[in-house]
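The values are calculated or read from the model by the stated rules, or taken from the named source; none is laboratory data. Predicted, not measured: the structure shown is a model, and the values here were computed from it. All Cβ positions, even for glycine, are placed from backbone atoms using ideal geometry, and neighbour counts span all protein chains on display. Just the protein is used for accessible areas: all its heavy atoms, side chains included, with ligands, DNA and RNA removed. Shrake-Rupley method; radii C 1.70, N 1.55, O 1.52, S 1.80 Å.
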Amino acid sequence: MPDPIGPAPVSKPAEAPSPAPTPAPGEPTSERVRGIFSLIARRYDVFNALSSFGIDRLWRRDAVAAARLTRTSRVLDLCAGTGDLSLALARLGRPAAVVGTDFVPEMLEIATRKARAYKGRTTLAFEVADAQDLPFPDASFDVVTVAFGVRNLPDRRANFAEVYRVLKPGGRYVVLEFSRPGFAPWRWLYHAYLRFVIPAIGGLLTRDRGSFVYLNDSIRSFPDQGALAAELRQTGFSAISWEDRTGGVVAIHVAVK
Ligand SMILES: C[S@@+](CC[C@H](N)C(=O)[O-])C[C@H]1O[C@@H](n2cnc3c(N)ncnc32)[C@H](O)[C@@H]1O
């Protein structure tokens, strides 16, 4: 409320609004990320399968194992996209419920369509939500997962704090994300693949090479395994561990509330 006996507000001369600054190459702004995923939604699954030679399915399988689900677990899958991890959680982990969320409706439409074929015991639902501001009560999930999502968040710490809030005490946050191979020759090869091959495949499939240049930049500017673990620890998580897959191309971090 304005202070009734305080100084009268000084009116400022009108200023022309300054244009929004251009984001740095790998910087994930919400507008940029929304734009990219709404544009590539229909080709996203094909791109994933081609660009990872199908290994992405094995990475998601291992993320499900790291979640250590039981029949009564309630799971929140963030940045669920076209639903591949949500479906793997339901099919392989068979928990009580999986809620998949994403802030791009075009991605979730595909997830919802794919989920129609699922006939198992798990209650599977998708809803639109920003991973940095979750519409769920405190301590409402046993496990939260995210695959290839945290790299795209402008405010990772806001996400970590929100996940901490919605997890039950003892609950697990499982983060599957691109990372940094430790063996230098493998890392150089991988970085060359990201720089030259990924934009070429992505450009052919979607005619939007720029989105895939962003993908390369965002992977290369993302913290390595140890730095990501430190960020999780600073948010209050404990017992943080990680395992590399494919020589560190991806890592699966687990953090406990
Ligand atoms: C690379 S896709 C990963 C999809 C899926 N998890 C998978 O494993 O294939 C990243 C997803 O994160 C979503 N995303 C990015 N920023 C988000 C945010 N702030 N809140 C919710 N979803 C977000 C994008 O819309 C996109 O669907």
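For segment 245-257, which positions are of a type in the set (Gly, Ala, Ser) and either assigned to a loop (DSSP other than H, G, I, E, B) or exposed (fewer than 15 other Cβ atoms within 10 Å of the Cβ) (or both)?
Here is the first cut: in segment 245-257, the residues of a type in the set (Gly, Ala, Ser) are 247-248, 251, 255.
Within segment 245-257, GLY247 is the sole residue that qualifies.
Say whether the condition of being in contact with a helix residue (DSSP H, G or I) (Cβ under 6 Å, 6 or more places away or on another chain), under 24 Å from PHE103 (Cβ atoms), open to solvent by 10 Å² or more (accessible area, probe 1.4 Å) and assigned to a helix (DSSP H, G or I) is met by at least one residue in segment 172-192.
no
What is the residue count in segment 179-201 for residues that are of a type in the set (D, E, K, R) and either modelled with pLDDT of 95 or more or more than 20 Å from LEU50 (Cα to Cα) (or both)?
Here the count works out to 2.
Note down all Cβ pairs under 6 Å where the first residue falls in segment 56-76 and is more than 11 Å from ARG245 (Cβ to Cβ), the second is of a type in the set (D, E, K, R), and they're at least six residues apart or on different chains.
That search, which allows pairs on different chains as well, returns SER73/ASP142; ARG74/ASP142.
Cβ contacts < 7 Å: first residue under 20 Å from ASP208 (Cα atoms), restricted to segment 174-198; second residue open to solvent by less than 30 Å² (accessible area, probe 1.4 Å) and among the polar types (S, T, N, Q), any location; separation 6+ or different chain. Result?
LEU194/ASN216; ARG195/ASN216; ILE198/SER51; ILE198/ASN216
I'm trying to understand the selection: among the residues of segment 193-244, which are surrounded by 16 or more Cβ atoms within 10 Å (Cβ to Cβ) and among the hydroxyl-bearing types (Ser, Thr, Tyr)?
THR206, SER211, TYR214, SER218, THR235
Would you point out the residue of segment 32-88, among those that are aliphatic (A, V, I, L, M) and in a loop (DSSP other than H, G, I, E, B), that is modelled with the lowest pLDDT?
Of all residues in segment 32-88, those aliphatic (A, V, I, L, M) come to 33, 36, 39-41, 46, 49-50, 55, 58, 63-67, 69, 75-76, 78, 80, 85, 87-88.
Those left that are additionally in a loop (DSSP other than H, G, I, E, B): 55, 69, 80.
On the way: ILE55: 94, LEU69: 98, ALA80: 98.
This residue is ILE55.
I want to confirm something. Restricting to segment 1-31 and keeping residues that are of a type in the set (Gly, Ala, Ser) and within 18 Å of the chain's Cα centre (by Cα), which single residue is modelled with the highest pLDDT?
SER30
Only one of (1) open to solvent by less than 70 Å² (accessible area, probe 1.4 Å); (2) away from the ligand (no atom under 15 Å from the Cβ); (3) under 27 Å from ASP224 (Cα atoms) fails for ALA97. Which number is that?
(3)
So how many residues does segment 161-171 have that are in a strand (DSSP E or B) and charged (D, E, K, R)? Walk me through it before giving the result.
Applying the first criterion (in a strand (DSSP E or B)) to segment 161-171 yields 167-171.
Subset that is charged (D, E, K, R): 168.
Final tally of qualifying residues: 1.
Within segment 81-129, which residues are at positive phi and in contact with a Gly (Cβ under 7 Å, 6 or more places away or on another chain)?
Once the filter is applied, which keeps residues that are at positive phi and in contact with a Gly (Cβ under 7 Å, 6 or more places away or on another chain), segment 81-129 yields GLY83, ARG94.
Please verify whether THR82 is among the hydroxyl-bearing types (Ser, Thr, Tyr) and within 13 Å of THR122 (Cβ to Cβ), treating the condition exactly as stated.
When the stated conditions are applied, THR82 does not pass them.
Examine segment 144-154 for a residue that is more than 13 Å from the ligand (Cβ to nearest atom) and surrounded by fewer than 20 Cβ atoms within 10 Å (Cβ to Cβ), and state whether such a residue exists.
No: segment 144-154 contains no residue that is more than 13 Å from the ligand (Cβ to nearest atom) and surrounded by fewer than 20 Cβ atoms within 10 Å (Cβ to Cβ).
Would you pick out the residues in segment 111-143 that are away from the ligand (no atom under 16 Å from the Cβ), touching a residue at least 60 places away in the same chain (Cβ under 8 Å) and within 15 Å of ALA90 (Cα to Cα)?
ASP142
Just a yes or no: is a residue in segment 37-46 within 8 Å of the ligand (Cβ to nearest atom), open to solvent by 10 Å² or more (accessible area, probe 1.4 Å) and closer than 12 Å to ALA147 by Cβ?
No, segment 37-46 has no match at all.
Being open to solvent by 10 Å² or more (accessible area, probe 1.4 Å) and either under 15 Å from GLU231 (Cβ atoms) or assigned to a strand (DSSP E or B) (or both) is true for just one of ALA117, ALA125, ALA139. Which residue is that?
When all the criteria are applied, what remains is ALA125.
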